[in-house]
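Colleague: Please read through the structure below; I'll follow up with questions.
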Amino acid sequence: MASSSRTKHSVEDEARDEEEEELEGFDDFTIASSWERFISEIEAICRQWQADGPKNLLEKGAIQLEFLQNLYVAKFELKFATKSYNIEYYFETGSKGKPADWNSALHDLQLCFGVREFLVIAPQSASGVVLDAPEACKLLSAIAIALSNCSSLWPAFVPVHDPSREAYIGIQNMGTVFTRRFETDRIGSQVPVKLMHLEGLYELFLSKFAYSMLDLQIHHLKVHFTMESTYLTVPYYDENDDLQVLNDESKEYVGNFGGDTHNKSQWDDDCPWSEWYSLEDPIKGFELTAMWSEKVVENALEMAELENTSPHEAEKWMILPILSPNLSEGKRVGFSSQLALLVTALDMSFNAQFMEDFVSVDNPTSDNLKSSMVVPPPTVLDRVFKDLFHDGSQVLDFTKSEHKRSRAIKGAPLDSLFARFCLHSLWVGNCNIRAIAVLWIEFIREVRWCWEESQPLPKMLPNGSIDLSTCLINQKLQMLAICIEKKIELNEEFQDCIGSNDHTDSQTKEGGVARDVTTDSQVLGEESYVIGDSPVMQDDSRSQKMVSRSSSKPGHVVSPNLSSQDHGRRGSSGVVGSMMLLKSYQSMHAPFTQEPPLMTEDMHEERLQAVEAFGDSFNFSAQLERDILSSDMSAFKAANPDAVFEDFIRWHSPGDWENNEIEESGSSKGSTRRGLKDNWPPRGQLSKRMSEHGNLWRKIWNDALALPAYEQKPLLDPNREGEKYFPRSLRSNSYICVTANRISGGSETIDDLKRLCVTFKHVEDLVSLAASLHRKFTQAPRLSELLFTDCYNFYLPRMGIGSEEASQREFDMKQQVRMNERQAVSNLFPQPTANQSWRKVLSMGNLLNGHEPTIREIIFSIRDNFPNNHYAARIPVGSQREMESYRMYIRGTSNDLRVALSVTSCD
C-alpha cells in the first residue's frame, strides 16, 4: 500500500511539471511589463506634482537651489529593471511666460533652451549621466509617454555622454501635433577658428535645417539674432605681485611710513591706514556685459559687419565687481586680523605677572615662546622708537567735536604716544605676546630716560591736565608728562635763583617790581579757575576767587597805588568786590593759590573707596583735602594779614556763612565809607557745620602760616609722583596695554573679544570696499553707491554673528550702466600693455579698447506662424501663433564652445 501511494503521488507531480513547462511559452498581455510599470510610476508622480502646484510643493519640502533664489526642485526616486533613477521637477514661483534671454539667475537648461519649468531624469550613479545611447532613448521615450498621458507640456531632459561635455537630450510635447526636441553638446578644446566668428556660427545654425548651400541662396531666411559679450579687466594684482611680498613681510613688521619700504604705488596710498600697511584691494577686477538688442539677419555678410561693431553700440551695459576671495576666507592682512592676534596675546598674557616673564630665560614657557614666536630685530625696534620718540608729530586735539564719537571708547587720543605704541604693537612680530613684551619693555626704558633726563614726553598734549575719558595708561603718561614739565620748571627756577643771587642789582635796575607785576598778571590771565567747597556758591563769588599756577616767580607784588596798610600783603591778586574784613574794616583781597594736585582715574577710585570705608564723608573728605585747604588758608592769610577764620569762609565757601541782613552791594560803593562803617560789622554767623566744636577747618586755619603760594611747598611733588609710576603703574600688569578690564584667561570676555574681531573684520572689509569703489568711479558716483549697496546687502546676513564661516555663494549682483557712465567704465579697460600681450589673441571681434570678449553668448532663432488649432489648448480656430521652429544657443570662448539646439517638428 505504501509503495502504490508513493507511485500515485509521483505521477501527479510529473503531470504538474509538464503543465508548467507548457505555460512558460505563453505570453499573458494582461500583466504589465516592467517598462510599462516604469512609465506608470513616472505618470503618477507627474500627476501628483501637477495637482500640488508650486505652493504645496514648497510645503512638502521642495528645495531651493543655492545660487538661484527663484528656482526650486522637487525630487522622487524610482527604479527600472536593476537601476535606480532620480526624477527632478524644476519650477519657479510667481513667474509666467518665457524667461529673459540674458538673465543671470537662470538654470543652465533654461538659458540653453529658453524653457521655464522642466524635468530631468538621471541615474543614481557617480557620474550622474547616461552613458548608453539606447538606455537614454528608452528613458526619454518613457518620460515622453508619461507626460503625454497626463497632458503635460513640461520639457524633459536626460544627461548623456561624458559629464565634462555637459550634454543633454530632451523632448517636449507641444500639443496634439508638434513636438520639440532638444540637444546640447560642448567642445572643450581645439575649437575650429571658423566657429569663433559670427559668420561661421551663423552658417552652423543654418546647416542644422538646410539641405545644401543652394537652398540657402534660393530662400532668404530671416534669422533673429541677439548677443551678449562679457569683458574682464586685467587683474589689478598678479599672483606674484609685490603686494604678496608685502603681505609676507607684514608677518614680521609692516610700517612703511608713507611707502619707504614699498615703492610701487598702491590703490590705497591716500587712505588713513596706508601709513601702517597696504590693504589688499577687495576688488580684483570688473566684469562688463554688453547686450545687443535683437536684430534680423538675412545673410552672412551682415554677421561679419556685426563682428566689427564696437561694444559702445550695444543696447545695455551691465557691470559686476569681482571681489577678492580673501574677503570671505578671512586671509586678508588688516587691522581686524591683527586685533584677533592681539586678543590671542591677551589670553596668553595671564600666564605671567610681569612682561619680563615672557622674555626671561628663567621662564619655564620661554622655550615654547622662542620656538613659535618671533622677536622683532633691533632694526625694527629702532624704527619703531624713532617714530615714537624722535619724529615730530602734532597730536590732534581730542576734545574737538569731530572726535567726540571716538571718545565713547576709553582709548588714547588720536596720534598720541600710547596710541602710536598700540598701532606699532599690532604689527611687530605678527602681534605675538613675546614681541609685544619686548616692545613694551623697551618703551618703558625710553619713557624712563625721558623722566631721568627731564625731556618732555613726545606726542602728548601740553595742556597740564589729565583727560579721564581716555584709557588709564594714557592718563598715567599724561601725569608723567606733567611731572616732567613741573620738574623742568623747578630746574629753571633753581637756575634763575642762582643767577639772581649773582646779578641782583642789575636785575632790579632793568626790571624790578614792574616785571613781577607783569608776571603775576600774565599767569592770572592765562590760566585761572575756581575751587569751591560749597554747592551753593554764588556766581559772583566764583568769579572773585582766582587762582594761578604755583610756578609764578617769587616776589612781593607792590602796586604804586597801594596804601600803607596794604604793604604787608603778599600774593594778592586783587580786591574781592566790596567785601571787607570783619575785624579790621579793610578790603578783602583774593590770593594767588596753588593748583590742586592732579589725579588719574584709579587714584579717584582709591579715594572714593577710602571715603566709603571711613564713613563720615565730609570729615574724611576734609582730611583728604587738608593740604589743599591749608595751602589756600595760608595764601589767604598772606594776602589779608588781619583776616579771621570767618573772612576765609565768606570768601572760600559762601554757603557756610549765614547773613542776617543783606550786605551793601558794589553799586553803593559811591556812598561815604563813614556810613558803612557805622553799620559794621555785618550781622551774620557761621553755618552749623563750621561752628561745631572741634571743626577741622578751624583747626587747619589755626595751624596755617601766612605764606603766599610762591613760598609754599608745592602740592604736586613732581619727583615723588613721577618716580612712583615706574615700579608699580607702568610695569606690573602684563595686560594693561591691551585692556583695563579685570578679566582672566580663557574667560567669556576673551570669546566676546574674538567675536568682536570678526564683526570688525566685516566692517573693515566694507570700509575698504567703499574706498576702492569710490576711487574707481569718481566720475560715476551713482554707480559706485549702487555697487556698494549690493555688496553691503550681500554681506549683511553674515555681519555681527561672530562666525568666520562664509557662504559658498559668490557675489553676482550686476548694475546697469547708464549712457553718461559708459566712459567711466570704459576707462577701466586700458589698452593692453606689451607685458599683457604675450597670450594668444584670437580676435573674436567686438573689441573694447583692444580687449576681446572672454565669453560670447549668441542666440539664433527662426520663427514661424502656425495655426492654433494644432494645439491642445482651447484657442479660436483660424488664429495664428508665432513659435520658434529652430533655436540655437551658443556660448563660446577661445578654448570652449557650447551649442544647444532645439527643433520644433510636426509628428
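Colleague: Using 0.36 nm times the number of residues separating Ser465 and Trp273, minus their current alpha carbon distance, what extension gain do you get?
Modeller: Additional length available on full extension: 66.1 nm.
Colleague: Oh, and also: Could you order the peptides 593-600, 427-434 from most to least packed, using the average number of other C-beta atoms within 10 Å per residue?
Modeller: Averaged packing, sorted descending, gives the order 427-434, 593-600.
Colleague: Could I ask something else about it? Let me cross-check Met603: its accessible surface, 1.4 Å probe, with only protein heavy atoms counted, in Å² to the nearest 10?
Modeller: Here the residue's solvent-accessible area equals roughly 40 Å².
Colleague: Once you have the Cα-Cα distance between Val73 and Asn308, take 0.36 nm times their residue separation minus that, and quote the gain in nm to one decimal.
Modeller: Here the segment from Val73 to Asn308 would lengthen by 80.4 nm.
Colleague: At a 1.4 Å probe radius, which order do Phe350, Phe76 fall into by accessible area, largest first?
Modeller: So the residues, ranked largest to smallest area, are Phe76, Phe350.
Colleague: Would you rank Leu57, Leu472, Leu232 by solvent-accessible area, highest first, keeping every protein chain in place and using a 1.4 Å probe?
Modeller: Largest accessible area first, the residues go Leu232, Leu472, Leu57.
Colleague: Of the listed pairs Lys83/Lys138; Lys487/Lys713; Lys459/Lys486; Lys459/Lys754; Lys316/Lys776, which have alpha-carbon separations greater than 19 Å here?
Modeller: Violating the 19 Å limit, Cα to Cα: Lys459/Lys754; Lys316/Lys776.
Colleague: Starting from the Cα-Cα distance between Lys688 and Thr379, subtract it from 0.36 nm times their residue separation and give me the gain in nm to one decimal.
Modeller: Additional length available on full extension: 104.4 nm.
Colleague: Suppose all protein chains stay in the model; what accessible area per residue would a 1.4 Å probe give for segment 110-178, in Å²?
Modeller: Using a 1.4 Å probe on heavy atoms only, each residue of segment 110-178 averages 37 Å².
Colleague: Specify, per residue and in Å³, the volume enclosed by the convex hull of the alpha carbon atoms belonging to segment 70-191.
Modeller: Taking only Cα atoms, segment 70-191 has a hull volume of 138 Å³ per residue.
Colleague: Accessible area of Tyr795, 1.4 Å probe, to the nearest 10 Å²?
Modeller: 20 Å²
Colleague: Where does each of Lys194, Lys55, Lys637 land when they are ordered by accessible area, with a 1.4 Å probe and the largest first?
Modeller: Sorted descending by solvent-accessible area, the residues read Lys55, Lys194, Lys637.
The values are calculated or read from the model by the stated rules, or taken from the named source; none is laboratory data. On a predicted model such as this, the values are computed, not experimentally measured, just so you know. With ideal geometry, Cβ positions are generated from the backbone for all residues, glycine too; neighbour counts draw on all protein chains shown. Protein only, heavy atoms only, side chains kept; ligands, DNA and RNA dropped before computing areas. Shrake-Rupley method; radii C 1.70, N 1.55, O 1.52, S 1.80 Å.
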